[in-house]
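Let me begin by presenting the structure, written as structure tokens, before commenting on it.
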Amino acid sequence: MCGIVGYIGKNNAIPIVVEGLQRLEYRGYDSCGVALIQDAQILIEKVTGKVNELQSALAGKQISADLAIGHTRWATHGSPTQKNAHPHLSQDGKVAVVHNGIIENYKVLKDDLTNKGYIFNSETDTEIIAALVSQMYDGNLEKAVRKALALVVGAYGIAVMHADEPEKIVCSRNGAPLIMAVGEQEYFVASDVAAVLNHSKDVIYLDNQEIGVITKDGINTLSPDDVQIDKEIHKVTFDLEEIEKSGYEHFMLKEIFSQPQTIYDAMRGRLQSSEGNVHLGGIDHVIGTILNADQRYLTACGTSWHAALIGEMMFEQFARLPSEVEYASEFRYREPLVDAKSVVFAISQSGETADTLAAIQEAKQKDATVLGICNVVGSSIARETEAGVYIHAGPEIGVASTKAFTSQVTVLSLLTLKLARMMGMSEADGIRIAAQMEKLPEDVEWVLKQADKIAEIAKIYAGATNFLYLGRGVNFPVALEGALKLKEISYIHAEGYPAAEMKHGPIALIDESMPVVAIAPQDKTYDKIISNIEEVKARNGSVIALATEGDKRIKDIADHVLYVPPALTFTAPILNVIPLQLLSYYIAVERGCDVDQPRNLAKSVTVE
Ligand code: G6P
């Protein structure tokens, strides 16, 4: 949450920082601001709302600067007002700070300084950092930052400027992401590479409690014990085009339509179709540990948690390996029975989710083997885990996760196939499953062709206030994911249920104003789901059914039918979720909602 950008170099810093903030808006977008130094004075411009408001506010001012720091906010402490927007200034006006994260002990520190006469301007926890740095400052900003951070408990990614050292930006992180980038006579600080990709692909990942300093002459990094260190420069492998809309109205739509490619990318070089097996280089050396573990935990948040539920079901059904899913936020407080004989999979698109990182720490402390299934290369989770598998979905910008989910499930299907083969699944079965998986990109294309039909259905139901999603087996997590997508972007209340559970409560809600989305593939529970649909219709509910291509029977019962190609458990969740993604998308558009940046949400949740 919250995006940070800092720039120093040969060009005017302001447009570069503002453009960087625009690319980071997915991290938070309730208010934003920039700070720059002119004539040994810090100037600040802040607005409530999105970065284009800031751009307009700056447009008339014709200011230019060699260095600037900027921030786009997702409020934690204090409402999204102009006063609470970042950057924050110290009382003497000399220190400007942008911060992502939460300072847990800010109240104690604030009370202490207030008692000593310090006057705070905002309700934020961040302002305490500006105050502490200014109190500690004696001519060297990096030293002052280190001393200030030594007093602070919590998570942070920060960038700091001081009016007396107008050629320097100091940054640090603990638990929240921060990178530095090297351009041609220009240097950057950012919470995500997306902010700087237009200018540089050479990135340094700062580790916890390290301090980075950028000046016009280059980058310097100091270890937590204040020793100068040489950090490796990593080449970013994706292009700017991948983080642009490429003609689509929204990032979410682009990402939904990119799924044939992203699913293919998740399988490329891994699926060995002729042998009915899978090669996963990143975890080959720990595969025995996974098989022999007493227990396998899958931990995650949000959409990634739904992928984990599918993984658990597949591990158990096909590889016969006991597995358990835990919300990452619950994992550490539940005192789980994790020990050196456990394997914990942390699943995360961003690789920065604070709750998932905390679960990883908990598992590591208990000596478990911790593996990552991540999208963002070089992210904290990728680096904190012993080994893992990247899903290779490319940058996901829309706040509601779509392509990352299908790629996570693809990787979990691959992993299941590999484990199942090792646990005795026949080569013939392996080949049959691999063939279905190989066909996935083509099948996804087929499903996407129904987009116009789904848009028409969306028009009919855009006014609904509640939705129910039903599914069984691996399609139950798909029902949960369908409901979550709708909630996130259209603000319609929606719930996912195992279809048979409907009669134990939710059925009481059904009347003519309650649409029900029923996932009804022609598998062993088909007849049961048909009965559930009949139960909805008997109570005047409307049914949007997801059925297997060629199913004629369902047409006579459901109000609308969307088709997916015949699928196996390994591929069904991927194919079934796509119409649900599209349904949410078109309903949100119909309701005039901000699809890519829904209210109150952020893409990367770096606070616990
Ligand atoms: C946020 C996002 C969700 C995402 C969840 C977990 O809530 O809005 O889309 O599923 O975080 O994020 P992760 O990056 O760990 O998958």
Report task. Provide the per residue accessible area, probe 1.4 Å, for the stretch 465-511, rounded to a whole number of square angstrom. Result -> 34
Query raised in the report: What does the helix-only formula give at 222 nm for the chain: each DSSP H stretch with n ≥ 4 adding -39500 (n - 2.57), the total divided by the residues, and the result rounded to the nearest 500 deg cm²/dmol?
Result: -10500 deg cm²/dmol
Query - the chain - percent relative contact order, Cα under 8 Å, separation 6 or more - result: 12
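How do the peptides 217-230, 42-55, 476-489 rank, highest first, by the average count of neighbouring beta carbon atoms within 10 Å per residue?
476-489, 42-55, 217-230
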Requested in this report: Calculate the length of the line joining the C-alpha centroid of the stretch 564-608 to that of the stretch 57-82, in whole Å.
Outcome: 31
Report summary line: Counting sequence-distant residues (5 or more places) and residues on other chains, those with an amide H built under 5 Å from that of Y563 are A547
Report task. At 0.36 nm per residue, minus the direct Cα-Cα distance, what do E438 and I119 gain on full extension? Give it in nm, one decimal, please. Result -> 108.5 nm
Requested in this report: Report, in whole Å, the centroid distance computed from the Cα atoms of the stretch 368-434 and the stretch 445-507.
Outcome: 25
Query raised in the report: Roughly how many whole Å is it from the C-alpha centroid of the stretch 220-298 to that of the stretch 517-547?
Result: 37
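First select every other residue whose beta carbon is under 13 angstrom from the beta carbon of L291; then total the charges, Lys and Arg +1, Asp and Glu -1.
Cβ neighbours under 13 Å give a net charge of +3.
With contacts defined as alpha carbon pairs under 8 Å and 6 or more residues apart, what's the relative contact order of the stretch 209-287 in percent? Don't jump to the answer; show the numbers that get you there.
Working: 42 pairs, mean separation 8.9, N = 79.
Worked out over the stretch 209-287, it gives 11 percent.
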Report task. Would you kindly find the accessible area of D355, with a 1.4 Å probe and non-protein molecules such as ligands, DNA and RNA excluded, rounding to the nearest 10 Å²? Result -> 40
Report task. Would you calculate the volume per residue, in Å³, of the smallest convex hull containing every Cα atom of the stretch 1-128? Result -> 94
Requested in this report: Restricting to the chain, compute how many DSSP beta bridges are antiparallel as a %, nearest 5.
Outcome: 60
Report summary line: Cβ-Cβ cut-off under 11 Å around H250, Lys and Arg +1, Asp and Glu -1: the net charge is -2
Query raised in the report: Sorted by mean Cβ packing within 10 Å, highest first, what order do the peptides 408-421, 115-128 take?
Result: 408-421, 115-128
Query raised in the report: Under a 1.4 angstrom probe, counting protein chains only, how are R173, R599 ranked by accessible area, largest first?
Result: R599, R173
Query raised in the report: How much area per residue is accessible in the stretch 182-340 when the probe is 1.4 Å and only protein heavy atoms are counted (Å²)?
Result: 46
Report task. State the extension gain, in nm to one decimal, for the chain segment bounded by N11 and V108, taking 0.36 nm per residue of separation less the distance between their alpha-carbons. Result -> 30.8 nm
**Report entry** Cβ-based net charge around L67, under 13 Å, with every Lys or Arg adding one and every Asp or Glu removing one
**Finding:** -2
Report task. For the chain, with all protein chains present and a 1.4 Å probe, just round the carbon and sulfur fraction of the accessible area to a whole percent. Result -> 47
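The values are calculated or read from the model by the stated rules, or taken from the named source; none is laboratory data. Only a predicted model underlies this, so the values are computations on that prediction, with no experimental measurement involved. No Cβ is skipped: glycine too gets one built from the backbone with ideal geometry, and neighbour counts run over all protein chains shown. Accessible surface areas use protein heavy atoms only, side chains included; no ligands, DNA or RNA. Shrake-Rupley method; radii C 1.70, N 1.55, O 1.52, S 1.80 Å.
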